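Asks: Mind having a look at this structure? Questions to follow.
The values are calculated or read from the model by the stated rules, or taken from the named source; none is laboratory data. Bear in mind that the values here come from a model prediction, so they are computed numbers and not experimental data. Cβ: placed from backbone, ideal geometry, glycine included. Neighbour counts: every protein chain shown. Protein only, heavy atoms only, side chains kept; ligands, DNA and RNA dropped before computing areas. Shrake-Rupley method; radii C 1.70, N 1.55, O 1.52, S 1.80 Å.
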Amino acid sequence: MRGGRLRDALVLAALALYAAPFFWQALTSVRPDAELLPLASLLPGRLTAVHYEVVLAKSLMPRALLNSLGVALISTALAVGLGALAGYALVRLPVPGRGPILLAMIAATAFPQIATVSPLYLLMRTLGLRDTWLALILANASFALPLVIWLLGGFIREIPRALEEAAATDGADRIATLYWVILPLVAPGAASAALLAFLFSWNEFLFAYSFTATEASRTVPVALALFPGVFEVPWGDIAAASLLASLPPVLIVVGFQRYLVRGLLAGALRE
Amino acid sequence: MASPRCDTSSRRSAADVTDRRLGWLLLAPALLLLGGLTVYPAIWVIWLSLQYRVPVFGIARWAGAAHYAFLTVDSRFWNAAGVTALFTVASVALESILGLAMALALRGQQRGRRVAVALLLLAWALPSVVTAKMFEWLYHPSGGLVNFLLGGRAVNWLGDPALALPSLVLADVWRTTPFVALLCYARLLTIPAELYEAAEVDGAAGVQAFARITWPLVRPILLVALLFRTLDALRAFDIMFVLTGGGPAGSTETLTVYAYRALFQTLQIGFGSAIGVVVFVLVMLVAWAYLRLINRQEAAA
Amino acid sequence: MAPRPARAALLVAGLLLALLAAGCGQGPSGAGPITLVFKHAKILGPADPVPGLLRRFEAEHPGVRVQSEALTWSSDEQHQFYVINLEGGSPPFDVMMLDVIWVPEFARAGWILDLTAQVPPAECDAHFASAIEPATQDGRLWALPWFMNVGLLYYRKDLLAKYGLAPPETYDELARQVRLIQAGERDPRLDGYLWQGKQYEGGMVNVLEALWANGTRVIDERGRPFPEPERAREALAALRGLIESGVSPPWVTAADEELTRRPFGDGRAIFLRGWPYALDLFELPDSRVRQRVGVAPMPRLAHGPVGAASTGGAHLAVSARTRHPALAVELVRFLTSDVAQRAMTEGAALRPSRPALYHDAQLIARDPTLPALLPLILRGHPRPITPYYLMLSTTLQPEFSAVLVGRKSPARAVQDGIAQVRHLEQALGR
């Protein structure tokens, strides 16, 4: 309204300052070791790529990135796939016990991971699924499912029944309607749900830490938390690894902001 | 709900049955996954908490309420409960104030909205382990930016038991405020400008406008945000585990970290499950209390 | 309406395939000549003697390959790695290097082989008793000692000599000497006594040594915690007192071995509690404290003996699931033999677990401190020998840490420690 451009610029500057920790970490990742401890000046005297070299060539991060990517993509596909079907069923079909099921799902979003980690640990151990992608995919998808169903159910409910009825009068059965009418319309919502599920899986730490033992099966958060240092902590290398670990989240925030925001708001605002 | 028509009644009930069957079919995979990996473990953990279970040594026998009885007199448990409560209250309070302030500042933004939201959401989207490592470096006594900006004083943020919890809270607030800010911001955008213009005509501006127009409209969404954030703070694990490990000397050891150490460090699956169940019950109680509050607010409105 | 269900089916099939592929974990590649996998932490020092020793073993056993695999550096991570792999059923290694405190635990859990039949008593007697004892459980031998450690009091020979002081025998004397030297040197960067007070196994060792120095223990033969609570309280108060009085800087409560070794090695401390490996680093050509470091037994408190230090070190054990038990045991006996330990002492900053080697002229020529270390090792003793030692340690560490940091009184910590250990023992059925 008033003070226009200057005010806008100040707000942007303030927000850039808010995100400063991240930028500082990025700077640390290109600062040479000699200038890290103790810190003598804000700007480094010279830039170096050695930390990234170490992380990419000698550390577990590349393998961890692959693990995280695989687990996140598959668990997202699973959660959104199953969630879309379940959301449609709960919202549009006369499933008996619909109310209690919905209630149970909402309650499930509040389950603390620390409570379910011990039985899940025993389960994975018994099934021999430790150190596998499958264990993490199932755990992540299951954890994301209630929210995804909640979101997609809401989006599906917004689709006018008239469209479905029109398809029905055209002779389409439920499944065809689902496939041809509902899914395309809910695709943007599904994208939002998928982004949230992906972010959750990418960032997930507790299950990944508890279900994996070997170095080769670690995901990114675990590899970062257990980043090795023989004598001293390699802060520059850790910063570089952190930046790599942040690539997908940053990409999503910058490139798919609209869907992300929509998903976040829908998740919170839906009554 | 279609009105009954006598001639289609039999066909409708057949369609109903097919629909119901389809409904179950579509629901089944999701229910199976949820049932197996979320609901079943939630019940199983209660069963585990009533046992002495140390898998490494093959110990598995009934304990009854022994673990819970011990927790009532366990000073480490009460310390963890206190830390959890302090952490939650401080975090959520700071986030709400800061988040609302950010939303208010963003409301009038005309240019660079996308950049603004991107900068804001960056903190929220980063993995908590990344945030923890980031702040561990920022708080470093000799290499950290914080001490550098304070003129080179070697304050031991994460090693001093008096400073560790506030430092942790700050890191968590940084990470989660954007969520609250975004929710409030979205709500603020839906408030029509005419309301404020009308208020100005009536002679109310600034703080009064906030109190009379903004606050009543943003309060419900703030409550919802608080609900999510409180539950998240009670369950938080990653950031304190990686940033301080619960130290120094348990000054940042929340119930979740205590449960984790009991489970995977001392390998007491039964005892660790009992602490997990306590967190579970706590979270459910708080959720129930919040929902009642929200419902009452809505009824009053 | 033809190909829609087909496309959906393809999608589902693709997803299922992905899930199946994901279900396959990492599998070790087998086949070829007999391969023994030897899991151990990287040996530090001027020259890593292990590869040479392994090639010798291979030469003496044609058709056998020994594959060396490194462990992570952190002791806790090593333990977690072992537990998870050994629990899982088919561990991908045959011979493993274990911290001595894990041997009873692994033995009780059935993860390592009983070596009693294959190791003659004479061979056991050739090692330190304090190294064989912790590897014995229920009267059987489960691992052989590979190298030895003992807690030492390092001191600056030059500074003590300058003020006419002999190495302190009590903690009070140590404190007095620190104050005297600091007043005389007037160097604000000169710390007094550095030790490991961080909340980890190393911190536990430091506290145990203080307890022993006051003639008490953390647990008795029957498993009762803190049998002499008053003495335990005194010992904890003494450690906290070191920090409160400034004899030790406050950051020792977050310090591990390396964080304390470096300042001492830079000449910025008078006393250091450390392991023998540090001595080699202090005597490096470019070390600032070269020729100025002495070792002494750990001081005592009111009720205990001088030199109540913790012994430690690594042992070698054989996985119970190995497919080549006889060969694996032979490898263990070879690596712990006189010949191998001699090579390790020469090539690395390690001390042998065989007392005889401490009188060996050839080794002494290379490392003159060996004879001085022998009595110190003989005075030390191992940490509580129980399969539940780690559980005990991780249960008590927070209590001790709270005292060191000043968050809890020593009396309270002992009280809470007793309650915690009793609860632990309830779970263990003792």
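Asks: Within the bounds of the range C:48-70, is there any residue that is within 14 Å of chain A (Cβ to nearest Cβ), open to solvent by less than 50 Å² (accessible area, probe 1.4 Å) and at pLDDT 65 or above?
Replies: no
Asks: If you don't mind, another one. Across the range B:254-276, which residue is farthest from the other protein chains (Cβ to nearest Cβ) among those that are over 14 Å from B:A66 (Cβ atoms) and assigned to a loop (DSSP other than H, G, I, E, B)?
Replies: Across the range B:254-276, the extreme among qualifying residues is B:T254.
Asks: Tell me which residues, restricted to the range B:53-81, are away from chain C (no Cβ under 12 Å) and under 28 Å from the mean Cα position of the chain (by Cα).
Replies: B:A81
Asks: Of the conditions (1) surrounded by 22 or more Cβ atoms within 10 Å (Cβ to Cβ); (2) modelled with pLDDT of 80 or more; (3) over 17 Å from the mean Cα position of the chain (by Cα), A:R157 fails just one. Which one is it?
Replies: (1)
Asks: Another one. Anything in the range C:385-399 that is under 10 Å from C:V207 (Cβ atoms) and open to solvent by 10 Å² or more (accessible area, probe 1.4 Å)? List them, or say none.
Replies: Listed by number, the list holds a single entry, C:Q397.
Asks: Looking only at the range C:385-406, filter to residues that are over 17 Å from C:Y200 (Cβ atoms) and not aromatic (F, W, Y); which one of those is farthest from the other protein chains (Cβ to nearest Cβ)?
Replies: Here the residue is C:I385.
Asks: Same structure, new question: Among the residues of the range B:102-143, count how many are closer than 29 Å to A:G255 by Cβ, among the small types (G, A, S) and open to solvent by 50 Å² or more (accessible area, probe 1.4 Å).
Replies: 0
Asks: Here is a further query. Can you pull out every residue in the range A:39-55 that is touching a residue at least 40 places away in the same chain (Cβ under 8 Å) and under 28 Å from the mean Cα position of the chain (by Cα)?
Replies: A:H51, A:Y52, A:V54, A:V55
Asks: Could you run through the range A:31-41 and say how many residues are open to solvent by 40 Å² or more (accessible area, probe 1.4 Å) and either under 19 Å from A:L243 (Cα atoms) or out of contact with any helix residue (DSSP H, G or I) (no Cβ under 8 Å at 6 or more places or on another chain) (or both)?
Replies: Of the residues in that region, 5 qualify.
Asks: Here's another thing I want to ask about it. Please give the helices (runs of 4 or more DSSP H) falling wholly within the range C:74-185 in which 1 or more residues are open to solvent by less than 20 Å² (accessible area, probe 1.4 Å) and in contact (Cβ under 8 Å) with a residue 40 or more places away in the chain.
Replies: Filter on the range C:74-185 gives C:75-88, C:103-108, C:129-132, C:157-162, C:171-185.
Asks: Would a scan of the range A:54-72 turn up a residue that is β-branched (V, I, T) and not assigned by TED's automatic domain parsing to the domain that holds A:R174?
Replies: There is at least one residue in the range A:54-72 that is β-branched (V, I, T) and not assigned by TED's automatic domain parsing to the domain that holds A:R174.
Asks: Are any residues in the range B:20-49 over 25 Å from the mean Cα position of the chain (by Cα), open to solvent by 20 Å² or more (accessible area, probe 1.4 Å) and over 15 Å from A:I101 (Cβ atoms), and if so, which ones?
Replies: B:R21, B:L22, B:W47
Asks: I would also like to ask the following. Which residues, taken from the range B:112-169, are more than 8 Å from chain A (Cβ to nearest Cβ), without any contact (Cβ under 8 Å) to a residue 24 or more places away in the chain, among the charged types (D, E, K, R) and part of a helix (DSSP H, G or I)?
Replies: If the condition is that a residue be more than 8 Å from chain A (Cβ to nearest Cβ), without any contact (Cβ under 8 Å) to a residue 24 or more places away in the chain, among the charged types (D, E, K, R) and part of a helix (DSSP H, G or I), then B:R113 is the only one that fits.
Asks: Out of the residues in the range A:114-141 meeting the condition of being in contact (Cβ under 8 Å) with a residue 12 or more places away in the chain and among the charged types (D, E, K, R), tell me which one is nearest to B:L263 (Cα to Cα).
Replies: Out of the qualifying residues, it is A:R130.
Asks: If A:A108 meets every condition in (1) at positive phi; (2) at the interface with chain B (Cβ under 9 Å from one of its Cβ atoms) apart from one, which number is that one?
Replies: Looking at each condition in turn, A:A108 falls short on (1).
Asks: Now a separate question. Which one is farthest from the chain's Cα centre (by Cα) among residues in the range C:141-191 that are of a type in the set (V, I, T) and under 23 Å from C:G215 (Cβ atoms)?
Replies: The residue in question is C:T170.
Asks: I'd like to check something: does the range A:71-92 contain any residue that is in contact with an Asp or Glu (Cβ under 8 Å, 6 or more places away or on another chain), facing chain B (nearest Cβ under 10 Å) and either crowded, with 21+ Cβ neighbours inside 10 Å or not in a loop (DSSP other than H, G, I, E, B) (or both)?
Replies: Yes, some residue in the range A:71-92 is in contact with an Asp or Glu (Cβ under 8 Å, 6 or more places away or on another chain), facing chain B (nearest Cβ under 10 Å) and either crowded, with 21+ Cβ neighbours inside 10 Å or not in a loop (DSSP other than H, G, I, E, B) (or both).
Asks: Hey, can you tell me all the residues within the range B:235-251 that are open to solvent by less than 20 Å² (accessible area, probe 1.4 Å) and under 17 Å from the mean Cα position of the chain (by Cα)?
Replies: Selection gives B:A236, B:F237, B:I239, B:M240.
Asks: Still on this structure: Going by the structure shown, is C:R262 under 23 Å from C:P120 (Cβ atoms) and either open to solvent by 40 Å² or more (accessible area, probe 1.4 Å) or part of a loop (DSSP other than H, G, I, E, B) (or both)?
Replies: So C:R262 fails the test.
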